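Structure, as structure tokens:
The values are calculated or read from the model by the stated rules, or taken from the named source; none is laboratory data. What you are looking at is a predicted structure, and each value in this text was computed from that prediction instead of being measured. With ideal geometry, Cβ positions are generated from the backbone for all residues, glycine too; neighbour counts draw on all protein chains shown. Heads up: the accessible areas ignore ligands, DNA and RNA and are worked out on the full protein's heavy atoms, side chains in. Shrake-Rupley method; radii C 1.70, N 1.55, O 1.52, S 1.80 Å.
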Amino acid sequence: DALAVPLVVALANSAATHANYERVLTGVVDGAPLSDAAVASLTKALVTSAQSSTAGSADVAQRALRSLETRFPAATSVAVDAILSESAAKASSSAEAERAARAAAEFLRHALAGSAAGPMPGHAASLGAALDHPSAGLREA
């Protein structure tokens, strides 16, 4: 983890700048043994990268996130839930934080459409987390 977490974060932040960085990120996601902490850090970095103004960064982040979810579905679902919960908590602090939270949720919804890790519309939880949620209302949604 001491090496993997900073490596995947740096790759996520650089992937949109050059095709070689995207290829390396894809190779790491597809072949490296990543811990849950590395998957969580990578997911958060991809969401942050997708919200940047760099052209093509959202597409690169979306492809990487789909690959990550395919290889590490449980860890990605937990990471998405953590991002959504953190964003929902920060959203009440300012209008800018609320816009960022909505943008993150929209990116995750679009990138992970049809996946159990994807966020449910109107809820700060993924479909996978909602299936085991203690609240019956959320399980039924």
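Summary table
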| quantity | calculated |
| --- | --- |
| Residue among 48, 17 that is within 15 Å of the chain's Cα centre (by Cα) and hydroxyl-bearing (Ser, Thr, Tyr) | 48 |
| Qualifying positions in the range 13-56 - of a type in the set (Val, Ile, Thr), open to solvent by 50 Å² or more (accessible area, probe 1.4 Å) and assigned to a helix (DSSP H, G or I) | 24, 26, 48 |
| Selection status of residue 5, under 19 Å from residue 108 (Cα atoms) and β-branched (Val, Ile, Thr) | no |
| Selected residue (only one of 10, 74, 79 is within 15 Å of residue 112 (Cα to Cα), open to solvent by 20 Å² or more (accessible area, probe 1.4 Å) and in a helix (DSSP H, G or I)) | 74 |
| Near pairs, Cβ below 9 angstrom, 6+ apart or cross-chain, from the range 44-56 (at pLDDT 80 or above and among the aliphatic types (A, V, I, L, M)) to any residue that is open to solvent by 80 Å² or more (accessible area, probe 1.4 Å) and assigned to a helix (DSSP H, G or I) | 45/13; 50/59 |
| Restricting the range 82-113 to residues that are closer than 26 Å to residue 72 by Cα and not in a helix (DSSP H, G or I), the residue that is least open to solvent (accessible area, probe 1.4 Å) | 112 |
